[in-house]
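Let me begin by presenting the structure, written as structure tokens, before commenting on it.
The values are calculated or read from the model by the stated rules, or taken from the named source; none is laboratory data. No experiment lies behind these values; they were computed from the predicted model shown. When we count neighbours, we look across all protein chains shown, and the Cβ atoms used for this are built from the backbone with ideal geometry, even at glycine. Ligands, DNA and RNA are stripped out before the accessible areas are found, and what is left, the full protein with its side chains, is counted by its heavy atoms. Shrake-Rupley method; radii C 1.70, N 1.55, O 1.52, S 1.80 Å.
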Amino acid sequence: MKKVGIIGCGSIAQVHAWTLGNMEDVEICALCDVDVSRARNIADKYLNEKNRGSIHSEKYTDDKEVDGVFEDKREKESLIYTNWHDLLDIDIDAVHICTPHYLHAPMAVEFIKRGKAVFCEKPCAISLEQFDELKNADLKHPGLLGYCFQNRYNETTLLMDKLIAEGRIGEVTGVRAFVTWRRDRSYYEGSPWKGRFETEGGGALINQSIHTLDLMLRYLGEPEQVKASISNHHLPSIEVEDTVEAWMMFEGGRRGCFYASNGYVTDAPVIIDIQGETGRISLNGRKVSLYAEGKDPEHFLCERQQGIGKDYWGCGHKACIRDFYKCLESGERFQNDLGGATNTFNTMMKIYEDSQAEHILTSGGGASYIRVGDMVICSNHMS
Ligand SMILES: NC(=O)c1ccc[n+]([C@@H]2O[C@H](COP(=O)([O-])OP(=O)(O)OC[C@H]3O[C@@H](n4cnc5c(N)ncnc54)[C@H](O)[C@@H]3O)[C@@H](O)[C@H]2O)c1
């Protein structure tokens, strides 16, 4: 039985709590959020006698009722923390990090140093410096760190892998991908760490479309060349990009074209086209189509896997989290370990690097903002 804690009890933590709460071999022993009401909300919604762990708490006695508070309520309360450092010293085997981006790497480093497993939401880090610290810690404490690239576990992804492995389109020569979603002012107001370089590290790329970039790279490998631009078309109140495009060149002349924007009217299904020497595989949401040369097209509609959360997040969380714990138990390598997340992180950083200083991020009220290195510069001279 693994004793697990969740840090950051906002939107995505619900999916983690639901998944963990339904696993036989896991107990949830700690819920941590700086906003205590969020941790309580998760406790109330997802914890029950079967999945609630039993870390001894000094806070409550064994009496049935204390100060008018009943035992069940007290047990839930005893799992709640507001300072993540407190989780370093309690008897848990693993933590799930579901916090703002800038906290992922520093938190992960501290937990793996204590020998605790870490399942962390994307991204791994928001800077090269943070990533280096992670790499050093991971080298010293291997096999503890895993990342939530759940779309690698989608049925659509597994089907595309299979069609390619069967040679149905020949060698892959290129991939193009489109993510067009909608993030308005209310989204950023609901989580003030979003929309700021310091805490989110970027926008449409690092947050919304990183999963799609990850899938593109699954079929293309490491890019040899990256040309990219970022811009902010529709929300002057945020610092980060709402739109990103990238052109990538890979070994053997293979190419990738990538476009993502948070400025659309709805969260439209992700589109990925994998071009092969003898055909094409096309993903549109949950539909995969195979266009093999000289054959009639074949269409496959993949079922939505059981789970909670938004459709456009994909529904691989359950399979991904279960695989992480299976690998911890067996000692097998988890495909989403730091090594497995490195190409996506590096490529994302190359896209930002190539975009820097050339592009206006925001303009409004007569001012424009560009990103140079780690800084956002305000210029009144740009149009
Ligand atoms: N894999 C996916 O499909 C997916 C989907 C959505 C979000 N995410 C990722 O999940 C993470 C969280 O995103 P979200 O949308 O749930 O954000 P959110 O703002 O809803 O939740 C973040 C929570 O962290 C808490 N928090 C902030 N600082 C903290 C600290 N020092 N200690 C403890 N808690 C702290 C906040 O109070 C908040 O409740 C991000 O990394 C995001 O990119 C992943």
Could you check ASP89 against (1) more than 26 Å from GLY339 (Cβ to Cβ); (2) in the same structural domain as GLY256 (by TED's automatic domain parsing); (3) over 20 Å from the mean Cα position of the chain (by Cα) and say which number it fails? (2)
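Can you say whether THR180 is more than 18 Å from the chain's Cα centre (by Cα), open to solvent by 20 Å² or more (accessible area, probe 1.4 Å) and among the β-branched types (Val, Ile, Thr), as far as the supplied structure shows? Quick ask: steps written out before the conclusion?
Details: more than 18 Å from the chain's Cα centre (by Cα): no; open to solvent by 20 Å² or more (accessible area, probe 1.4 Å): yes; among the β-branched types (Val, Ile, Thr): yes.
Here the answer is no, as THR180 does not meet what is asked.
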Reported set for the range 285-297 where residues are assigned to a strand (DSSP E or B) and open to solvent by 70 Å² or more (accessible area, probe 1.4 Å) is LYS287, TYR291
So if I check each of LEU220, LEU134, which one is touching a Leu at 6+ places or on another chain (Cβ under 9 Å) and at pLDDT 95 or above? LEU134
Got a number for residues in the range 77-109 being more than 12 Å from the ligand (Cβ to nearest atom), modelled with pLDDT of 95 or more and in a helix (DSSP H, G or I)? 2
Of GLU224, GLU239, GLU198, the only residue that is open to solvent by 20 Å² or more (accessible area, probe 1.4 Å), under 24 Å from GLN130 (Cα atoms) and in contact with a Lys or Arg (Cβ under 8 Å, 6 or more places away or on another chain) is GLU239
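Somewhere in the range 200-207, is a residue in contact with a strand residue (DSSP E or B) (Cβ under 6 Å, 6 or more places away or on another chain) and away from the ligand (no atom under 16 Å from the Cβ)? It would help to see each step written out before you state the result.
Keep residues of the range 200-207 that are in contact with a strand residue (DSSP E or B) (Cβ under 6 Å, 6 or more places away or on another chain), which gives 204-205.
Still in the list and also away from the ligand (no atom under 16 Å from the Cβ): none.
No, that holds for no residue.
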Which condition number does ALA367 fail, the rest of (1) at pLDDT below 70; (2) under 26 Å from ALA105 (Cα atoms) being met? (2)
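Is it the case that the range 1-15 has a residue that's away from the ligand (no atom under 12 Å from the Cβ) and not hydrophobic (A, V, I, L, M, F, W, C)?
Taking the range 1-15 first, the residues away from the ligand (no atom under 12 Å from the Cβ) are 1-4.
Checking the rest, the ones that are also not hydrophobic (A, V, I, L, M, F, W, C) come to 2-3.
Yes, the range 1-15 has at least one match.
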List pairs: first in the range 334-350 and within 19 Å of SER127 (Cβ to Cβ), second open to solvent by 30 Å² or more (accessible area, probe 1.4 Å) and charged (D, E, K, R), Cβ under 6 Å, 6+ apart or cross-chain? LEU338/ASP138; ASN343/GLU222
Provide a single number: the residues in the range 254-284 that are open to solvent by less than 30 Å² (accessible area, probe 1.4 Å), touching a residue at least 12 places away in the same chain (Cβ under 8 Å) and farther than 22 Å from VAL226 by Cβ. 5
Lone unmet requirement of (1) within 9 Å of the ligand (Cβ to nearest atom); (2) at pLDDT below 95 for ASP25: (1)
Listed by first then second residue, the pairs whose first member lies in the range 31-48 and is of a type in the set (Val, Ile, Thr) and open to solvent by less than 20 Å² (accessible area, probe 1.4 Å), whose partner is more than 8 Å from the ligand (Cβ to nearest atom) and assigned to a loop (DSSP other than H, G, I, E, B), with beta carbons under 8 Å and at least 6 positions apart or on separate chains, are none
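Listed here are the residues, each with its yes/no results for (1) touching a Cys at 6+ places or on another chain (Cβ under 8 Å); (2) of a type outside the set (Asp, Glu).
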| site | (1), (2) |
| --- | --- |
| GLU189 | no, no |
| TRP193 | no, yes |
| GLY221 | no, yes |
| ALA246 | yes, yes |
